[in-house]
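Quick notes on the structure that follows.
The values are calculated or read from the model by the stated rules, or taken from the named source; none is laboratory data. Source: prediction; values computed, not measured. Here the Cβ positions follow ideal geometry from the backbone for every residue, glycine too, while neighbour counts run over all protein chains shown.
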Amino acid sequence: MATAVLDIGKTNVKLVVIDDGGRTLWSARQPNAVRPGPPYPHADTDALWSFAMSGLRQAATLAPIDAIVTTTHGATAALVDDNGLVLPVLDYEHPAPDKEDHGYAAVRPPFAETLSPALPLGLNLGRQVHWQSRRFPEAFARARRLLMYPQYWGWRLSGVAATEVTSLGTHTDLWEPRGRRFSRLVRDGGWERLFPPTMPAHAVLGPVTAEVTARTGLAADCRVICGIHDSNASLLPHRLRREAPFSVVSTGTWVIAMAVGATAPLDEARDTLANVDVFGEPVSTARFMGGRDHGILVPADAPPATPAEIAAVIAAGVLALPGFGAPCGPFPASRGRIVPSLPDDDARRPALGTLYLALMTDQCLSLIGAAGDTVIEGALASNRAYASLLAALRPTGRVLASADETGTSQGAAMLARWGMSGPPPEAEAAAPGIWPGLEAYRTAWLDALRADGALP
């Protein structure tokens, strides 16, 4: 039998069919576009649903699919009544929830309780919900449920509503990871009534609806699994099969470093936080918008950087200082720039972009006290130069590059086969290589951030 994974990332959406042995049998993808509004920038849920239905219809002719799992990016939820959305699914990069505070600062719980740092734009889901409740009070009053984004799609597929902690505990301000309960924002705001019962990520919501069966050809008893936050899906295979301490670096639009077994204090000012894993346990986490930053630094059609090109950039001392995407990450006060500046078409940009990703990942791991092996999952798993640089920057443990770039989908698929045992996912140890001047280059990079006031 096979599992279909609907993987909704911030940049792309994928449908992947994976068999019981973990082999990818079929996949399709398309860009995940944001509609401009009105009433505000929002997810194109109609286009995503059409993509899912047409993809499942095609996949059902190729493999015996007996389960569907959804995994999505964080900081996103849906307000629904019995018929569907009462408001569009807000794009978390919309600035209005941050600019139009509506008293949120006064009701937001402290970091010590939620382990959720104050973030810009709509990156704190609680800020989004608060803004929607004040800006659109009539529509908000019609809402019967607040569904985390993976569970919204599970509801559409099965008709069964649920809440799940990996999305609920991802910088939302809505959850207290240590207490395993809703935060005071939810309790005092009267929002608990909107959350359906909490279920494990691997729980079966039910079979697909009759509509889904008719549109896709899936069997009427095809199971819909509760679903999971995407970086937690990347973490899951390792969380189940590796001994702590270790870290997983999930890469895509965001580069998210998660350190299992870490005990270092978290620093809200440096955008460190706790993710919540499938068992409800907090996991020390740091991140930056690596995929977005790299896309700004490096032309889309540029070839991968060679080791010789990276060595030349190190020798020249050209620095890329964060951040080029969202104003968050370990240096939230810094604004992206290249020193000295380079033209957009400069051939050194791919090498500079790879160095930037490695330096930022190293800083994220250091901030959360990561120890032991580091496993790279996702888009950067095939970037050998990035893995080699990271291994050189972090000589106290191995850096392992996953053999499969679909780590998020693979992890999500495991939910449909919960309890099956097996070895950790296949990964290749990266050789640190010889990078003359790398340590001095890192020191110069940090000194430049310190001079800018972005580093204490």
Problem set entry | Only listed residue being in a loop (DSSP other than H, G, I, E, B) and either among the acidic types (Asp, Glu) or touching a Gly at 6+ places or on another chain (Cβ under 6 Å) (or both), chosen from Ala220, Ala262, Ala201 | Ala262
Exercise. Is there a residue in the stretch 108-126 that is more than 25 Å from the chain's Cα centre (by Cα) and modelled with pLDDT of 95 or more?
Worked result: no
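Might you let me know whether the stretch 275-288 holds any residue that is surrounded by fewer than 18 Cβ atoms within 10 Å (Cβ to Cβ), modelled with pLDDT under 95 and in a loop (DSSP other than H, G, I, E, B)?
Initial filter on the stretch 275-288 (surrounded by fewer than 18 Cβ atoms within 10 Å (Cβ to Cβ)): 279-281.
Now narrow it down to the ones that are modelled with pLDDT under 95: none.
No: zero hits.
Looking at the stretch 9-42, which of its residues are of a type in the set (Gly, Ala, Ser) and in contact with a Ser or Thr (Cβ under 7 Å, 6 or more places away or on another chain)?
Hit for the stretch 9-42 is Gly9, nothing else.
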Exercise. When the stretch 28-67 is examined, which residues are found to be small (Gly, Ala, Ser) and touching a Lys or Arg at 6+ places or on another chain (Cβ under 6 Å)?
Worked result: Ala67
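Quick one: which residue in Thr216, Thr253 is in the same structural domain as Glu176 (by TED's automatic domain parsing) and either buried (at least 19 other Cβ atoms within 10 Å of the Cβ) or among the hydrophobic types (A, V, I, L, M, F, W, C) (or both)? Walk me through how you get there before you give the answer.
Details: Thr253 fails: in the same structural domain as Glu176 (by TED's automatic domain parsing).
Exactly one residue qualifies, and that residue is Thr216.
Determine, yes or no, whether Gly126 is touching a helix residue (DSSP H, G or I) at 6+ places or on another chain (Cβ under 8 Å), assigned by TED's automatic domain parsing to the domain that holds Gly9 and part of a loop (DSSP other than H, G, I, E, B). Outline the logic, then answer.
Values: touching a helix residue (DSSP H, G or I) at 6+ places or on another chain (Cβ under 8 Å): yes; assigned by TED's automatic domain parsing to the domain that holds Gly9: yes; part of a loop (DSSP other than H, G, I, E, B): no.
Answer is no for this residue.
For the stretch 215-224, state whether one or more residues are within 22 Å of the chain's Cα centre (by Cα) and in contact (Cβ under 8 Å) with a residue 40 or more places away in the chain.
Taking the stretch 215-224 and keeping what is within 22 Å of the chain's Cα centre (by Cα), we get 224.
Next, only the ones that are in contact (Cβ under 8 Å) with a residue 40 or more places away in the chain stay: 224.
Yes: one or more hits.
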Exercise. When both residues are 6+ apart or on different chains and their Cβ atoms are under 8 Å apart, which pairs have a first residue that lies in the stretch 324-349 and is at positive phi, and a second that is part of a loop (DSSP other than H, G, I, E, B)?
Worked result: Gly329/Asp271; Gly329/Met289; Gly329/Pro322; Gly329/Gly323
Problem set entry | Top-ranked residue in the stretch 74-107 [being buried (at least 24 other Cβ atoms within 10 Å of the Cβ) and over 11 Å from Leu123 (Cβ atoms); ranked as nearest to the chain's Cα centre (by Cα)] | Ala77
Exercise. Is it the case that the stretch 354-363 has a residue that's in contact with a Gly (Cβ under 8 Å, 6 or more places away or on another chain), among the hydrophobic types (A, V, I, L, M, F, W, C), touching a residue at least 40 places away in the same chain (Cβ under 8 Å) and assigned by TED's automatic domain parsing to the domain that holds Leu446?
Worked result: yes
Exercise. Which residues, taken from the stretch 415-427, are in a loop (DSSP other than H, G, I, E, B) and in contact with a strand residue (DSSP E or B) (Cβ under 7 Å, 6 or more places away or on another chain)?
Worked result: Pro425
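Does His94 satisfy the condition of being in contact with an Asp or Glu (Cβ under 7 Å, 6 or more places away or on another chain), touching a residue at least 12 places away in the same chain (Cβ under 8 Å) and on the phi < 0 side of the Ramachandran plot? Step through it out loud before you land on a result.
Numbers: in contact with an Asp or Glu (Cβ under 7 Å, 6 or more places away or on another chain): no; touching a residue at least 12 places away in the same chain (Cβ under 8 Å): yes; on the phi < 0 side of the Ramachandran plot: yes.
Criteria not met by His94.
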For this session: Say whether the condition of being assigned to a strand (DSSP E or B) and not assigned by TED's automatic domain parsing to the domain that holds Asn275 is met by at least one residue in the stretch 148-155.
Result: yes
Problem set entry | Scope the stretch 188-204; condition surrounded by fewer than 13 Cβ atoms within 10 Å (Cβ to Cβ), on the phi < 0 side of the Ramachandran plot and without any contact (Cβ under 8 Å) to a residue 40 or more places away in the chain; matching residues | Glu192, Arg193, Pro197
For this session: Return the total of residues in the stretch 105-119 being touching a residue at least 60 places away in the same chain (Cβ under 8 Å) and under 17 Å from Asp267 (Cβ atoms).
Result: 8
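Does Leu185 satisfy the condition of being within 19 Å of Asn124 (Cα to Cα), more than 19 Å from the chain's Cα centre (by Cα), in the same structural domain as Leu62 (by TED's automatic domain parsing) and outside any loop (DSSP other than H, G, I, E, B)? Break it down stepwise before answering.
Working: within 19 Å of Asn124 (Cα to Cα): yes; more than 19 Å from the chain's Cα centre (by Cα): yes; in the same structural domain as Leu62 (by TED's automatic domain parsing): yes; outside any loop (DSSP other than H, G, I, E, B): yes.
In short, yes.
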